[in-house]
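Right, one structure below, let's go through it.
The values are calculated or read from the model by the stated rules, or taken from the named source; none is laboratory data. Keep in mind that what you see is a predicted model, and the values were worked out from it rather than measured. Please note: Cβ atoms are built from the backbone with ideal geometry, for glycine as well, and neighbour counts cover all protein chains shown.
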């Protein structure tokens, strides 16, 4: 019976989050929605999905949608990408922005914040000449739960050990009584986190020198990928701005971006 309601549910998910699933992902639906079943009056995943497909979009829909978002992230994920940002992109931005002494970075689909904090630590550690510059690192995500975690800046030992060596742990984190790692205040102050659904109508207050849109387009269909890319490109500085995507991502053809080498990977520049 669940298969009867899944196509409509998949349609809702794609309309509101852009995520494309098919019948092969039924196991994912059932496993991730079990916590809601265990804490609600619904007696099965079937009854929950049936309710969602027969009622207007509300808080419960978004609670379910958030459970189906893949929030895989880590500090300095794909180190060679961050090496390219450090060795190529940041020096170029510094050279071009000497007059304004500003750097604006947007981490789209930032999840629980590790990517934004990685950029902040990279700038703090390797570019001491920027201490009197205005650095803006803006993280956005569709998940309120992930944004709350990002704003708190508190991570488990496992989350930190995945990408942070001892030097960075000692310098940029402190331990709480429960053994969790807290991002140091100066790094937190370099970042802001706000809610944004990439497939909805949205606008940003400014253009950015660097946009990081990593490992999110792969969950969208081709039409949505192109639409999101077109909107994001509007907020990349047309003179020297750069777009960095996932290390293994291949972007759909676009007339607004050109690919350039970035060490062992690539970045994209507005045409």
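Residue 224: in contact with a strand residue (DSSP E or B) (Cβ under 8 Å, 6 or more places away or on another chain) and under 25 Å from residue 245 (Cβ atoms), yes or no?
Working: in contact with a strand residue (DSSP E or B) (Cβ under 8 Å, 6 or more places away or on another chain): no; under 25 Å from residue 245 (Cβ atoms): yes.
Here the answer is no, as residue 224 does not meet what is asked.
The rows are residues; the columns are (1) touching a strand residue (DSSP E or B) at 6+ places or on another chain (Cβ under 8 Å); (2) within 27 Å of residue 245 (Cβ to Cβ).
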{"site": "35", "(1), (2)": "no, no"}
{"site": "43", "(1), (2)": "no, no"}
{"site": "52", "(1), (2)": "no, no"}
{"site": "68", "(1), (2)": "yes, yes"}
{"site": "74", "(1), (2)": "no, yes"}
{"site": "84", "(1), (2)": "yes, yes"}
{"site": "95", "(1), (2)": "no, yes"}
{"site": "101", "(1), (2)": "yes, no"}
{"site": "104", "(1), (2)": "yes, yes"}
task: Please enumerate the residues belonging to region 131-149 that are within 18 Å of residue 172 (Cα to Cα), out of contact with any strand residue (DSSP E or B) (no Cβ under 7 Å at 6 or more places or on another chain) and modelled with pLDDT of 95 or more.
output: 149
- prompt: Would you say residue 248 is surrounded by fewer than 18 Cβ atoms within 10 Å (Cβ to Cβ) and in contact with a strand residue (DSSP E or B) (Cβ under 7 Å, 6 or more places away or on another chain)?
  reply: no
- request: Test each condition in (1) assigned to a helix (DSSP H, G or I); (2) at pLDDT 90 or above; (3) more than 19 Å from the chain's Cα centre (by Cα) for residue 46 and report the one that comes out false.
  value: (2)
- prompt: Of all residues in region 132-171, how many are touching a residue at least 12 places away in the same chain (Cβ under 8 Å), under 27 Å from residue 70 (Cα atoms) and assigned to a helix (DSSP H, G or I)?
  reply: 12
task: Could you tell me whether residue 218 is in a loop (DSSP other than H, G, I, E, B) and within 24 Å of residue 75 (Cα to Cα)?
output: no
- prompt: residue 261 fails exactly one of the following numbered conditions: (1) touching a helix residue (DSSP H, G or I) at 6+ places or on another chain (Cβ under 9 Å); (2) more than 19 Å from residue 82 (Cβ to Cβ); (3) outside any helix (DSSP H, G or I). What is the number of that condition?
  reply: (2)
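So that you can scan it fast, the table gives a plain yes or no per residue for (1) farther than 25 Å from residue 196 by Cα; (2) assigned to a loop (DSSP other than H, G, I, E, B); (3) more than 17 Å from the chain's Cα centre (by Cα); (4) free of Cβ contacts under 8 Å to residues at least 40 places away in the same chain:
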residue: 69; (1), (2), (3), (4): no, yes, no, no
residue: 85; (1), (2), (3), (4): no, no, no, no
residue: 94; (1), (2), (3), (4): yes, no, yes, yes
residue: 100; (1), (2), (3), (4): yes, yes, yes, yes
residue: 110; (1), (2), (3), (4): no, yes, no, no
task: Take residue 229 and decide whether it is modelled with pLDDT of 90 or more, touching a helix residue (DSSP H, G or I) at 6+ places or on another chain (Cβ under 9 Å) and part of a loop (DSSP other than H, G, I, E, B).
output: no
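Does residue 114 satisfy the criteria of being surrounded by fewer than 19 Cβ atoms within 10 Å (Cβ to Cβ), at pLDDT 95 or above and either outside the structural domain of residue 26 (by TED's automatic domain parsing) or within 22 Å of the chain's Cα centre (by Cα) (or both)?
no
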